[in-house]
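Here is the structure we will look at.
The values are calculated or read from the model by the stated rules, or taken from the named source; none is laboratory data. Keep in mind it's a predicted model, so treat the numbers as computed, not measured. For neighbour counting, all protein chains shown are included, and Cβ atoms are generated from backbone atoms with ideal geometry for every residue, glycine included.
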Amino acid sequence: MNQRLLLTVLSVSGFVGLCSCKTVPKTLSDDRTPAEWARYLIHNAVWVSLGTLSTQTSILGYPFISVRSISDGPAANSTGIPYFYMPASGITTNDLEADNRVTIMATQSQDKLCEDSDPQEPGCAKVFITGTHVKVHHFVSKLEITQIELLAVSEGLKHITVEEYFSASITE
């Protein structure tokens with residue numbers, strides 16, 4: 001399919017930009033609550049961006065982002081709790097040993113609804129979850145959730161309580 005240039009208005013920030021996308025992504029459906037969308041995005045994510053505060057000397061205290069594999073349980077049993085594969089050593093592991101506060105971001109660009117879109121396309125939802133990193137077993141860790149935000153251009157930024165998030169059911 002030929003790519004076409006789309007003019008996208010980012011209503012959240014008032015910024016007007018150009019996006020080269022294959023198709024226009026579908027926006028959030030009216031039949032899912034923001035909490036259900038957040039659960040859906042986490043459950044269907046293969047990876048997330050994970051932000052820490054750096055312990056590297058040259059960028060001490062600056063935000064540092066890495067990519068981590070994620071699971072919230074088997075397909076038929078979503079728990080909503082983000083679990084990660086975390087190596088025993090490395091830059092991110094060092095950061096987490098010094099300060100276990102993190103923010104993760106999962107994007108709908110991993111989903112079939114947005115698979116033909118640019119990952120930064122504002123029509124593709126993003127969920128930001130902040131909390132503390134907890135080591136569970138050897139190379140497995142989880143996120144104890146403190147705050148959840150869902151960003152979708154059609155809806156704007158939505159705060160989701162932890163209670164709403166865990167009580168939401170996910171549907172495919």
**OP:** Kindly indicate whether any position in region 90-101 is under 25 Å from Ile170 (Cβ atoms), modelled with pLDDT of 95 or more, buried (at least 17 other Cβ atoms within 10 Å of the Cβ) and of a type in the set (A, V, I, L, M, F, W, C).
**Re:** no
Original post:
Looking at Leu143, Leu150, which one is more than 18 Å from Thr92 (Cβ to Cβ) and in a strand (DSSP E or B)?
Top reply: Leu150
Original post:
Tally time: how many residues in region 106-151 are surrounded by 18 or more Cβ atoms within 10 Å (Cβ to Cβ) and hydroxyl-bearing (Ser, Thr, Tyr)?
Top reply: 4
Subject >> Condition met for Gln108 (within 14 Å of Asn44 (Cα to Cα) and within 13 Å of the chain's Cα centre (by Cα)) >> reply: yes
